[in-house]
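K.L.:
Mind having a look at this structure? Questions to follow.
The values are calculated or read from the model by the stated rules, or taken from the named source; none is laboratory data. In this text, all values refer to a predicted model and were calculated from it rather than measured experimentally. Backbone-built Cβ (ideal geometry, glycine too); neighbour counts: all protein chains shown.
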Amino acid sequence: MGERLAAVRRFRVLTDEQWERIEPLLPSNAGKVGRPFGDHRTVVGGIIYRYRTGIPWRDLPREQFGPWQTVGSGTRGSPTTAPGTASSPS
């Protein structure tokens, strides 16, 4: 049980207070046609985790953040052209 809690804390990148400030800025599913948005907190957490650790998108822990393609699509452009990456045009 203790190991599981340690793993959860390790991948928790936002406090509840921080999330409460960010969540209203994200799009909602209200009035959305087609596939609904997934869990924004998981995607935002994956983006933050990736930038904090400097790991490639494909190395994101899937169990905590879902498929790297989903998290990577939360940035502008594709994961390979995200701002600040080596292959970014800027």
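K.L.:
In region 15-26, which residues are surrounded by 12 or more Cβ atoms within 10 Å (Cβ to Cβ) and modelled with pLDDT of 90 or more?
P.N.:
Listed by number, the residues that qualify are Gln18, Trp19, Ile22, Glu23.
K.L.:
When you go through (1) of a type outside the set (A, V, I, L, M); (2) modelled with pLDDT of 75 or more; (3) in a helix (DSSP H, G or I) one by one for Gly31, which number turns out not to apply?
P.N.:
(3)
K.L.:
Taking region 36-90 as the search range and keeping residues that are in a helix (DSSP H, G or I) and of a type in the set (A, V, I, L, M, F, W, C), which one is modelled with the lowest pLDDT?
P.N.:
Val71
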